[in-house]
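What follows is a single structure, written as structure tokens, with notes after it.
The values are calculated or read from the model by the stated rules, or taken from the named source; none is laboratory data. These numbers were taken from a predicted model, which means no experiment stands behind them. With ideal geometry, Cβ positions are generated from the backbone for all residues, glycine too; neighbour counts draw on all protein chains shown. Side chains included, ligands, DNA and RNA excluded: accessible areas come from the protein's heavy atoms. Shrake-Rupley method; radii C 1.70, N 1.55, O 1.52, S 1.80 Å.
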Amino acid sequence: MALNSKTLATAKFHRFFTVKKLTWLFALIAIIATASVVYNFSRMQQIEAFNHAISEGKPPKSDLQSFEARFATAYWLAKNERYKEATLLFNKALNGATIEQKAAIHYNLGNIFFLRGLIINGTSMTVRDEAEYLLRQAKTAYLQSLRLDNSNWGARHNLDRLLTMLPATPTPGVGESDTPGLIMGNIPVGLP
């Protein structure tokens, strides 16, 4: 009686996959799956605690150096009218950020400059100049945000509102006087 190749392959299969080996394999898979479930559950708890701390304006206990933590802290500061601190944190968050994250940062910087410009807007020349400067900074930030992410409708909307508020860009050669020409400081127009 000769063994055919099918019977020989079946015998090798049964020798390699014994009940004992299969039991150890399934036990190992169960241990790995349990460890994965425990890790993911722990990570979900950390994320929930992180979100809760950020929503209350407290520093998170985990992921302190993550982009999300720095962004959320800067956003919270801006919401609480601590604009200078928020601007510094947003600028620091630019390092190592992805393109989408940079677009979001520039959008928020634009919002900060826009709000500051609206807050200090007044009739005195000094205040008006500072407000115009802040609004131009907001314009620059919104344009940068749109360069990075052209689909940011919030930046488009705010830029559109901002452009209606800013004075037109002065034409070179035309000053506030009726005579065209380059006005340079205290030099009167028309002198050779």
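Here are the numbers for the structure shown:
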| quantity | calculated |
| --- | --- |
| Spin-label zone in the stretch 75-110 - amide nitrogen under 15 Å from a point set 7 Å from the Cα of residue 147 along the C-beta vector | 99-100, 102-107, 110 |
| With 10 Å bins from 0: P(r) over the stretch 63-150, alpha-carbon pairs, percent | 19, 45, 27, 8, 1 |
| Under 25 Å from residue 92, Cα to Cα: lysines that are on another chain or at least 8 residues apart | 58, 61, 79, 84, 102, 139 |
| Around residue 21: net Lys/Arg minus Asp/Glu count, Cβ-Cβ under 14 Å | +3 |
| With all protein chains modelled, accessible area of residue 88 [1.4 Å, Å²] | 110 Å² |
| Efficiency of FRET between residue 118 and residue 53 - r from beta-carbon atoms, R0 25 angstrom, step 0.05 | 0.25 |
| Gain in span if fully extended, residue 40 to residue 163, counting 0.36 nm per residue against the direct Cα distance | 39.5 nm |
